[in-house]
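J.: Following this message is one structure expressed as structure tokens.
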Amino acid sequence: ILVTSRERLDLAEEWLLAIEGLGYSKETSTLENTASFDAVTLFVQRAKRVKPQFVLDEENNEAITEITRLLYGSPLGIELAAVWVRMMPPQDIAKEIASTINFLASSSRNALARHQSLRATFDYSWQLLSPKEQAALAQLSVFRGGFSRAAAAVVTASSVALLAALVDKSLLRVTPEGRYDRHPLLYEYTREKLAARPQEKSAAQTRHLQYYHRFLAEQQPKMHNVKNSDALFAVEDELENIRLAWYTMLEDMKLAELKASARNLMAYCDGRGQFHLAYELFQDALAQLSEPDSLKSLLLIEQAWCCLSLSNYTEGVSLA
């Protein structure tokens, strides 16, 4: 028996086969290459239902590729998007999707209620969760670019069993490296859920900041040893979360943490040649620091080093 389901049946006899979105192009390419992707084929097929003369051509090639990319190959999302060609060109559809997922809705009279829109689909899955699962999934949206089991345990108090339950319900996925991630469209939805819980959001963001501040400090001594590349790769895996923690520190004006993290970030950027990254983070911080102090001095010196390392000697000397 072949069974398709949002959640695994949890039977001893079952064999699991995870189904991802349809294949789509990560970048705009030739018309012939674009047409070879299943996500594009589905879009064109559904578009022809409401506009029989519709074809994939040079004019809409880039926009259709962008639509499938924004939807990450989601079949339901693509079907909901395609019906709009009766009202507007694919270029405008792409702009609307980029603006909000609420645009992806259908007025079909015979579609299941939970298939009338992407939001309805997410709402249906959300309502089937226990309060504890809802709280965990919402709080996990403080992570950006995936997260480790250890980070989830500290930041959201999510146990292995709870994470496994969310994986089994197709609301989290495990990468080959053992990290956790979720569908980007679902990520946007859960961020909205967390925003509706301001106290939980503030507490989760604080724990996220503290966790990655400590994580970076723990890796810093190892990063000075060029032979110990494991520390550099560990930081690289968490770079999106570290960047997010940096901006949270900046928003909360946690100057001591910023000062320590600046030194630790430079150890990583030195080791990996990521001077553009350090320059950008320090520039954004300097824009919000009005009074001269030791943090501002440190950021200026580190920025100067970034410029010199990038052969931008004029600005480097000026900053120094």
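The values are calculated or read from the model by the stated rules, or taken from the named source; none is laboratory data. Treat the numbers as computed from the prediction; the structure is a model and nothing was measured. Using ideal geometry, Cβ is built from the backbone for each residue, glycine included, and neighbour counts are taken over all protein chains shown. Just so you know, the surface numbers come from the protein's heavy atoms only, side chains and all, with ligands and any DNA or RNA stripped out. Shrake-Rupley method; radii C 1.70, N 1.55, O 1.52, S 1.80 Å.
J.: Which values, in whole Å and largest first, are the semi-axes of the equivalent ellipsoid of region 219-276 obtained as the square root of 5 times each eigenvalue of the Cα gyration tensor?
T.: 21, 11, 9
J.: Just in region 89-136: which trypsin sites (Lys or Arg not before Pro) are loop by DSSP and have at most 10 other Cβ atoms within 10 Å?
T.: ARG109
J.: Spin-label point model (7 Å from Cα, Cβ direction): what's the ASN33 to GLU59 distance in nm?
T.: 2.4 nm
J.: For region 192-312, evaluate the Debye formula with one uniform point scatterer on each Cα (no solvent term) and list log10 I(q)/I(0) at q = 0.13, 0.15, 0.16, 0.17 Å⁻¹, rounded to two decimals.
T.: -0.53, -0.69, -0.77, -0.86
J.: Right, next: Which residues does the label zone of LEU310 cover in region 234-264, counting backbone N under 14 Å from a point 7 Å along Cα→Cβ?
T.: none
J.: For the chain, what does the helix formula give at 222 nm: sum of -39500 (n - 2.57) over DSSP H segments with n ≥ 4, over the residue count, nearest 500 deg cm²/dmol?
T.: On the way: 17 runs with 195 residues, N = 320.
One gets -18500 deg cm²/dmol as the mean residue ellipticity at 222 nm.
J.: Considering only C-alpha atoms, what is the centroid distance from region 100-149 to region 28-92, in Å?
T.: 23 Å
J.: Can I ask one more? Order the following by accessible area, largest value first: ASP284, ASP237. Probe radius 1.4 Å; ligands, DNA and RNA are ignored. Write out the running numbers ahead of the final one.
T.: On the way: ASP284 55, ASP237 90 Å².
These residues rank, largest area first, as ASP237, ASP284.
J.: Additional query: So which aspartates and glutamates can LYS193 reach, going by Cα to Cα under 19 Å and dropping same-chain residues fewer than 8 places off?
T.: Cα-Cα hits under 19 Å: ASP123, GLU133, ASP181.
J.: Mind sorting out which of (i) 75; (ii) 61; (iii) 57 is the real percent of Cα pairs over 27 Å apart computed from the coordinates?
T.: Computed from these coordinates, percent of Cα pairs over 27 Å apart corresponds to label (iii).
J.: Could you derive backbone 3J(HN,Hα) for region 130-143 from the dihedral phi with the Karplus parameters 6.51, -1.76 and 1.60 (θ = phi - 60°), listing whole Hz in sequence and x where the residue is Gly or Pro?
T.: 6, x, 5, 5, 4, 4, 5, 5, 5, 5, 5, 6, 6, 7
J.: Could you calculate the contour length gain from ARG49 to GLN127, that is, 0.36 nm times the residue separation minus the distance between their Cα atoms, to one decimal place in nm?
T.: 24.8 nm
J.: Still on this structure, I have one more. R0 = 56 Å: FRET efficiency of MET88 with ALA217, Cβ-based, nearest 0.05? Before the final figure, lay out the partial values.
T.: Working: r = 51 Å, r/R0 = 0.91.
Here the calculated transfer efficiency is 0.65.
J.: GluC sites (Glu not before Pro), restricted to region 262-320: which are DSSP loop and have at most 15 other Cβ atoms within 10 Å?
T.: Here no GluC sites (Glu not before Pro) fit, given the DSSP loop and packing criteria.
J.: Indicate the gyration tensor shape class of region 85-133 (rounded, prolate or oblate), computed on the Cα atoms with a ≥ b ≥ c the square roots of the eigenvalues: a/c under 1.5 is rounded; otherwise a/b larger than b/c is prolate and the rest oblate.
T.: Note, shape of region 85-133 comes out oblate.
J.: Let me have the relative contact order for the chain, percent, based on Cα pairs under 8 Å that are six or more residues apart.
T.: Values: 340 pairs, mean separation 32.6, N = 320.
Over the chain, the number comes to 10 percent.
J.: What Kirkwood Rh does region 1-140 have if only Cα atoms enter the pairwise 1/r average? Answer in Å.
T.: Evaluated over region 1-140, this radius sits at 16.7 Å.
J.: Sticking with this structure for a sec: Can you tell me how much longer the chain between ASP168 and ARG6 gets when fully stretched, taken as 0.36 nm per residue apart minus their C-alpha distance, in nm with one decimal?
T.: Working: separation 162, 0.36 × 162 = 58.32 nm, distance 0.83 nm.
That pair, ASP168 and ARG6, stretches by 57.5 nm at full extension.
J.: Within region 178-269, list the trypsin sites (Lys or Arg not before Pro) lying in a DSSP loop whose Cβ has at most 13 other Cβ atoms in a 10 Å radius.
T.: On the way: sites: ARG179, ARG182, ARG191, LYS193, LYS201, ARG207, ARG214, LYS222, LYS227, ARG243, LYS254, LYS259, ARG263; in loops: ARG179, ARG182, LYS227, LYS254.
Sites meeting the loop and neighbour criteria: LYS227.
J.: So what are region 183-230's ellipsoid semi-axes, whole angstrom, largest first, if each one is the square root of 5 times an eigenvalue of the alpha-carbon gyration tensor? It would help to have the intermediate numbers written out before the result.
T.: Details: eigenvalues 215, 46, 3 Å².
Largest first, region 183-230 gives 33, 15, 4 Å.
J.: Give me the percent of accessible area attributable to carbon and sulfur for region 173-268, probe 1.4 angstrom.
T.: 50 percent
J.: Give me the accessible area of HIS224, 1.4 Å probe, in Å² rounded to the nearest 10.
T.: Accessible surface of HIS224 is approximately 120 Å².
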